[in-house]
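Visitor: Input: one structure, supplied below.
The values are calculated or read from the model by the stated rules, or taken from the named source; none is laboratory data. This structure is a prediction, so every number in the text was calculated from the model and none was measured. Methodologically, a virtual Cβ is constructed for each residue, glycine included, from the backbone with ideal geometry; neighbour enumeration extends over all protein chains shown. Calculation scope for accessible area: heavy atoms of the full protein, side chains included, ligands and nucleic acids excluded. Shrake-Rupley method; radii C 1.70, N 1.55, O 1.52, S 1.80 Å.
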Amino acid sequence: MTSGAGSPTNEPPPSRRRLPVSTSTLGQWALYGGTLAVVIFLAVAVDWARLQDKMFRTDLVLDQFPRIVTQAAKNTLIFTAFGFAGGLALGVVLALMRLSTFRPYRWFAAVYIDVIRGLPALLVLIFIAFGLPIALDIRIPGTYGRGSVALAIVSSAYIAEVVRAGIEAVPKGQTEAARSLGMSHGQAMRRIVIPQAFRIIIPPMTNELVLLLKDTALISVIGVTEATKELTRFGRDGVNASANATPLVVAGLVYLALTLPMTRLAGYLERRARASR
Amino acid sequence: MTAEPGAVPAVDLQDLRKSFGRLEVLRGIDLRVAAGEKICIIGASGSGKSTLLRCVNLLERPTSGRVLIEGVDVTAPDCDIDRVRARVGMVFQQFNLFSHLTVERNVTIAQETVLGRPHDLAVDTAMAMLRRVGLEEKRHEYPARLSGGQQQRVAIARALAMDPSVMLFDEATSALDPELVGEVLRVMRELADEGMTMLVVTHEMGFARRVADRVAFIDEGVILEESPPAELFESPREERTRRFLQRVLERDES
C-alpha cells in the first residue's frame, strides 16, 4: 500500500484520485459536444438524397432478393462449411503431429504451419486454382472443390495452432489419470484430452470460423460460374450491372447477419463452458 | 503380512534408479510388497518418494532396475504396460478427476474402454464403488461441484472400479483443506481393513502408524530405513530418520 515516490504502483495515490474523475467528466462533455457537431455537419453537408440513391436504392435492394440469400449466401455458407470441415480435420492432425514425440512429424507440421501462415490466403487460393494445373497438372474439379480445398489448407494452419494450444492447456494430470487407469495414449487423447481441449478452444475456434467465412470472399477472384457465386462476387457483379453501390451494401448486411450471431454464440458458449467447470 | 512365504510379491522393486537429466532422484530402491500388505513411504519433500510411486506404474520410466507387478516385469520392453496399469490403481495428490465427465462417467469410462465391460455392468460397479466411498448421491454431478475431499473419494472409487490388485496413493490428502483430510483417510483405512495391497506416500504420520504393516523412510533417493511402524516411530535406527520424525512431530504439535 505504499504510494511514495520511487515505488512503482499502478494505483494513483488516494489524494489525487478525485481529480481524474472531474477531468473525465469534462472530457465526456467535450466528446458529446464534438459528436453533436459532427452529426450536425453531416446532416447539413451530406447530400442524403444522392447517398440514398447510390447506396440504398429501395428497388435495387429488393432486386437482390431472393437470390442473394438462396444463391449467394448459400454458397458462402457452403464454402465456409467445407473449408472449415477440411480445415478442422487437417488442423487436428497437424496439431497432433506438432505434439508428437516423432520428430519428422513435428518438423513437417511446424514447417507447414509457418509457411501457410506466412503466405497471403489469396496467393494460396490462386495457386490452387491456376498454379497447380500448370505446375503439377492437378485440377481440383469445380469452384466448390478448388475454393473449399484452398480455404481448408489456409485455415488448417491457424486451426492447428488453436487446437495445439487447447491440448496443451489441458492439465497433465488428466493424461496421467487416464494412463494410470490403463488407457492407451490414443484413448487418453480421444476420450479425455481432446474433448476438454475443444471446450477450451470453442471461443477462439468460433473466431476462426468467422475469419474463414469472411475469407470466402477471396473466392470471387477465381473463375466463378453463375451458380457458384458467393456474397462478395454477387455484390460486385450487382455493382457492375447497376452502376450503383446498393448490391454491395446489401451483401455487407447479409455478411453481418451471418457473422454477428456467430460471435454472440461464441460468447454464450464461453460463458456456459465456464459455468460447467 | 498375509501372504505365505514364497508367494509372488504384489510389487517387487529391484535396484530401481531414476535420473532427470543429471539429477539422480532414485539411487537404487529395493522394496518387496506382499499381497495384502500396506506400506507407507515417508520422507522429506524432494526425497524421491513420489517418483518412486510413479515408477511403479511407469508414469515415470525408471532409468535402470526392474519393476515386477505380480511377478510380471513391467520394465521389459515387450510388456503391455496398459494392461498392467489397469491392475494398478493410482490416487493423485490433485485428484485428477476428468473434469468434462460426471462423477458416474468418471468411474465407468475406463471400465468400458480398457476392460471392455458392458455399460450396465460398469454402471453397477461404479454405483457399488461410489456407495463404498459414500458418494452415490453425487453420481450426476460434475467434479467442479464437489469439495476436494469428495473429489478424492470419487478418484478412489474410480481406481477401485478397475479391480486393482495394488493401490498407489501419492500424497492423497496433501492438497486438501485440513477439515477434509479425515473423510479421505477413513476411506483409505477401510480399504486397508478389507485387505487391499497399498503403497502409500504420505505426510500423515498418524495414518502410517495405525495402518501400515511397514513404514519406509526415504532419504536422498534410497530407502534408509524400513520397519514396522511401532519400531520406526519409537526407536528409529538412523539419525536422519530421527531428525525427520522430530521435525514432522514438532509441526504436528505446534
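Visitor: Does A:T259 count as part of a helix (DSSP H, G or I), at negative phi and open to solvent by 40 Å² or more (accessible area, probe 1.4 Å)? Give the steps one after another, and end with the answer.
Guide: Values: part of a helix (DSSP H, G or I): yes; at negative phi: yes; open to solvent by 40 Å² or more (accessible area, probe 1.4 Å): no.
In short, no.
Visitor: Quick one: count up the residues across the stretch A:60-69 that are at pLDDT 85 or above and surrounded by fewer than 17 Cβ atoms within 10 Å (Cβ to Cβ).
Guide: Count: 3.
Visitor: Considering only the stretch B:124-147, state which residues are away from chain A (no Cβ under 14 Å), not β-branched (V, I, T) and not in a helix (DSSP H, G or I).
Guide: Start the filter on the stretch B:124-147 by keeping residues that are away from chain A (no Cβ under 14 Å), which leaves B:124, B:127-128, B:130-139, B:147.
Then keep just the ones that are not β-branched (V, I, T); that gives B:124, B:127-128, B:130-132, B:134-139, B:147.
Answer for the stretch B:124-147, where residues must be away from chain A (no Cβ under 14 Å), not β-branched (V, I, T) and not in a helix (DSSP H, G or I): B:G134, B:L135, B:R139, B:S147.
Visitor: Can you tell me which residue in the stretch A:187-196 is nearest to the other protein chains (Cβ to nearest Cβ), limited to those that are touching a residue at least 24 places away in the same chain (Cβ under 8 Å) and either small (G, A, S) or open to solvent by 10 Å² or more (accessible area, probe 1.4 Å) (or both)?
Guide: Quick first cut of the stretch A:187-196, residues touching a residue at least 24 places away in the same chain (Cβ under 8 Å) only: A:189, A:193-194, A:196.
With either small (G, A, S) or open to solvent by 10 Å² or more (accessible area, probe 1.4 Å) (or both) added as a condition, the list becomes A:189, A:194, A:196.
Working: A:M189: 12, A:I194: 10, A:Q196: 5 Å.
Out of the qualifying residues, it is A:Q196.
Visitor: Report, by residue number, each residue of the stretch A:177-186 that is more than 7 Å from every other protein chain (Cβ to nearest Cβ) and surrounded by 21 or more Cβ atoms within 10 Å (Cβ to Cβ). Can you show your working first?
Guide: Our first condition is that a residue be more than 7 Å from every other protein chain (Cβ to nearest Cβ); within the stretch A:177-186, this holds for A:178, A:185-186.
Across the stretch A:177-186, the qualifying residue is only A:A178.
Visitor: Among the residues of the stretch A:91-106, are any in contact (Cβ under 8 Å) with a residue 12 or more places away in the chain and at positive phi?
Guide: no
Visitor: Further question: Only one of (1) in a loop (DSSP other than H, G, I, E, B); (2) within 13 Å of chain A (Cβ to nearest Cβ); (3) open to solvent by 20 Å² or more (accessible area, probe 1.4 Å); (4) out of contact with any Gly (no Cβ under 7 Å at 6 or more places or on another chain) fails for B:R105. Which number is that?
Guide: So B:R105 meets the others, but not (1).
Visitor: A further question on this structure: Being out of contact with any strand residue (DSSP E or B) (no Cβ under 6 Å at 6 or more places or on another chain) and not in a helix (DSSP H, G or I) is the filter here, so list the residues in the stretch B:203-217 that pass it. Lay out the reasoning, then the answer.
Guide: First, the residues of the stretch B:203-217 that are out of contact with any strand residue (DSSP E or B) (no Cβ under 6 Å at 6 or more places or on another chain): B:203-207, B:209-210.
Once the filter is applied, which keeps residues that are out of contact with any strand residue (DSSP E or B) (no Cβ under 6 Å at 6 or more places or on another chain) and not in a helix (DSSP H, G or I), the stretch B:203-217 yields B:H203, B:E204.
Visitor: Among residues belonging to the stretch B:62-87 that are touching a helix residue (DSSP H, G or I) at 6+ places or on another chain (Cβ under 7 Å) and among the aliphatic types (A, V, I, L, M), point out the one that is most open to solvent (accessible area, probe 1.4 Å). First the steps, then the outcome.
Guide: Going through the stretch B:62-87, the residues touching a helix residue (DSSP H, G or I) at 6+ places or on another chain (Cβ under 7 Å) turn out to be B:62, B:67, B:69, B:72, B:74, B:85.
From what is left, the residues that are among the aliphatic types (A, V, I, L, M) are B:67, B:69, B:72, B:74.
Values: B:V67: 0, B:I69: 9, B:V72: 73, B:V74: 1 Å².
Step by step, filter the stretch B:62-87, then rank; the result is B:V72.
Visitor: Just checking, which of B:C40, B:C55 is open to solvent by less than 20 Å² (accessible area, probe 1.4 Å), in contact (Cβ under 8 Å) with a residue 40 or more places away in the chain and away from every other protein chain (no Cβ under 14 Å)? I'd like the intermediate steps shown before the answer.
Guide: Working: B:C55 fails: away from every other protein chain (no Cβ under 14 Å).
When all the criteria are applied, what remains is B:C40.
Visitor: Also, quick follow-up: Where residues in the stretch B:108-123 are within 9 Å of chain A (Cβ to nearest Cβ) and without any contact (Cβ under 8 Å) to a residue 12 or more places away in the chain, which of them is least open to solvent (accessible area, probe 1.4 Å)?
Guide: Per the stated criteria, the residue is B:I109.
Visitor: Which residues, counting only those in the stretch B:149-162, are within 14 Å of another protein chain (Cβ to nearest Cβ), in a helix (DSSP H, G or I) and among the small types (G, A, S)? Outline the logic, then answer.
Guide: At the first step, the residues of the stretch B:149-162 found to be within 14 Å of another protein chain (Cβ to nearest Cβ) are B:151-152, B:154-162.
With the extra rule that they be in a helix (DSSP H, G or I), the set shrinks to B:151-152, B:154-160.
Answer for the stretch B:149-162, where residues must be within 14 Å of another protein chain (Cβ to nearest Cβ), in a helix (DSSP H, G or I) and among the small types (G, A, S): B:A155, B:A157, B:A159.
Visitor: For the stretch B:87-121: of the residues being touching a Lys or Arg at 6+ places or on another chain (Cβ under 7 Å) and not β-branched (V, I, T), which is nearest to B:S174 (Cα to Cα)?
Guide: In this case the residue turns out to be B:S99.
Visitor: Just one of B:F244, B:F207, B:F233 is under 20 Å from B:V25 (Cβ atoms) and among the aromatic types (F, W, Y); which is it?
Guide: Values: B:F207 fails: under 20 Å from B:V25 (Cβ atoms); B:F233 fails: under 20 Å from B:V25 (Cβ atoms).
One residue alone meets the criteria, B:F244.
Table: residues versus (1) farther than 18 Å from A:I222 by Cβ; (2) surrounded by fewer than 18 Cβ atoms within 10 Å (Cβ to Cβ).
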| site | (1), (2) |
| --- | --- |
| A:F41 | yes, yes |
| A:D47 | yes, yes |
| A:T58 | yes, yes |
| A:A85 | yes, yes |
| A:A89 | yes, yes |
| A:F108 | yes, yes |
| A:A129 | no, no |
| A:R139 | no, yes |
| A:G142 | no, yes |
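Visitor: Here's another thing I want to ask about it. Checking the conditions here, which among A:R199, A:R236 is within 14 Å of chain B (Cβ to nearest Cβ) and open to solvent by 50 Å² or more (accessible area, probe 1.4 Å)?
Guide: Working: A:R236 fails: within 14 Å of chain B (Cβ to nearest Cβ).
Testing whether each residue is within 14 Å of chain B (Cβ to nearest Cβ) and open to solvent by 50 Å² or more (accessible area, probe 1.4 Å) leaves just A:R199.
Visitor: Give the number of residues within the stretch A:139-176 that are in a helix (DSSP H, G or I), β-branched (V, I, T) and within 14 Å of chain B (Cβ to nearest Cβ).
Guide: We begin by selecting, within the stretch A:139-176, every residue in a helix (DSSP H, G or I); these are A:142-169, A:172-176.
Then drop every residue that is not β-branched (V, I, T), which leaves A:143, A:149, A:153-154, A:159, A:162-163, A:167, A:175.
Going one step further and asking which of them are within 14 Å of chain B (Cβ to nearest Cβ), we end up with A:167, A:175.
The number of residues fulfilling the criteria is 2.
Visitor: Same structure, new question: Which condition number does A:L248 fail, the rest of (1) part of a helix (DSSP H, G or I); (2) at pLDDT below 95; (3) over 22 Å from the mean Cα position of the chain (by Cα) being met?
Guide: Result: A:L248 passes all but (3).
Visitor: Pairs, please: C-beta under 8 Å, at least 6 apart or cross-chain, first residue under 12 Å from B:V200 (Cα atoms) and at the interface with another protein chain (Cβ under 7 Å from one of its Cβ atoms) and in the stretch B:82-100, second assigned to a helix (DSSP H, G or I) and open to solvent by 20 Å² or more (accessible area, probe 1.4 Å)?
Guide: From residues that are under 12 Å from B:V200 (Cα atoms) and at the interface with another protein chain (Cβ under 7 Å from one of its Cβ atoms), the pairs are B:F92/A:E176.
Visitor: Just to verify a result, which residue in the stretch B:215-252, among those that are farther than 13 Å from B:A44 by Cβ and among the hydroxyl-bearing types (S, T, Y), is surrounded by the fewest Cβ atoms within 10 Å (Cβ to Cβ)?
Guide: B:S235
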